[in-house]
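The values are calculated or read from the model by the stated rules, or taken from the named source; none is laboratory data. Since this is a predicted model, take the numbers as computed values, not measurements. All Cβ positions, even for glycine, are placed from backbone atoms using ideal geometry, and neighbour counts span all protein chains on display.
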Amino acid sequence: MPVSTQSKLNFTAKKNVSNQKAITHDIVFRASTPPSKISEQQKPLVAERTKNEEKEEKEKEKVEEPAAEAAANDPVVSELDNELEEVEAEDEKALFQEETIEKPRLDLGVDKKLADKAYEVTSHQIQKYYKGIENSRIRPAVHQEGLTEYEKILRHFDLSSQYGPCVGVSRFKRWERAERLGFEPPIEVLAVLLKAELGEGVDPPPKGWEPAPVDMREDIGSIAYINHLIATHTE
């Protein structure tokens, strides 16, 4: 173990300032002497100093251990420690707990009031709605030979982009989605879907209500015609 020896170095700092005395500073520094240079006379002193330091460390440990045991056995301290551990555990749990986001439930069916309103739409109202579509066109629609009036109405709905995309979704769900998003899709389209028995999750119709004849429902698809074209050209 190296021996720490102490030496003192004096020096005088002078500054050319009038009416002031020279200032003397004392610098004290420690220098470690290698073990090989320890004299025989210093060895007993070094050994005694080391022994005293070890003795002081042991006495310090003896004093600290009973104090720690007393603190651990103290009910007040134990209670405070438990409360602190609970707080730390809660903070850690809150820090690493995965945040749960509640997503709104999407109703797959149409509201009962809207369904009842669609059930009340007559065939005459549907014909009037379709005539309005034809009158709004600059030219007659093409490639619709042999289609029923209901399918023509639904294809017009398919191509009406203001109600959202029609690819990959049924006509009924597209109408329901447009209604939920506030796009106000025509009630006549919902009536046609119900007449064609393409409603999904809709309440049963009232007494006396009848679906469209079979011959009018044969060519009506549950999805947009564009979906059939995509499936045909991708196979």
Next item on the list: Would you be able to say whether some residue in region 120-138 is touching a residue at least 60 places away in the same chain (Cβ under 8 Å), basic (Lys, Arg) and either crowded, with 16+ Cβ neighbours inside 10 Å or out of contact with any Phe, Trp or Tyr (no Cβ under 9 Å at 6 or more places or on another chain) (or both)?
Entry: no
Next item on the list: With respect to GLY168, determine if the residue is under 18 Å from ALA224 (Cα atoms) and in the same structural domain as PRO213 (by TED's automatic domain parsing).
Entry: yes
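Residue-wise test of (1) over 23 Å from GLU218 (Cα atoms); (2) of a type in the set (A, V, I, L, M, F, W, C); (3) touching an Asp or Glu at 6+ places or on another chain (Cβ under 9 Å).
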| site | (1), (2), (3) |
| --- | --- |
| ASN135 | yes, no, no |
| ILE138 | yes, yes, no |
| VAL142 | no, yes, no |
| GLU151 | no, no, yes |
| ASP158 | no, no, no |
| GLY164 | yes, no, no |
| VAL167 | no, yes, no |
| SER170 | no, no, yes |
| TRP175 | no, yes, no |
Note to self: Going by what's in this entry, would GLY168 be described as more than 23 Å from GLY132 (Cα to Cα) and touching a residue at least 24 places away in the same chain (Cβ under 8 Å)?
What the structure shows: yes
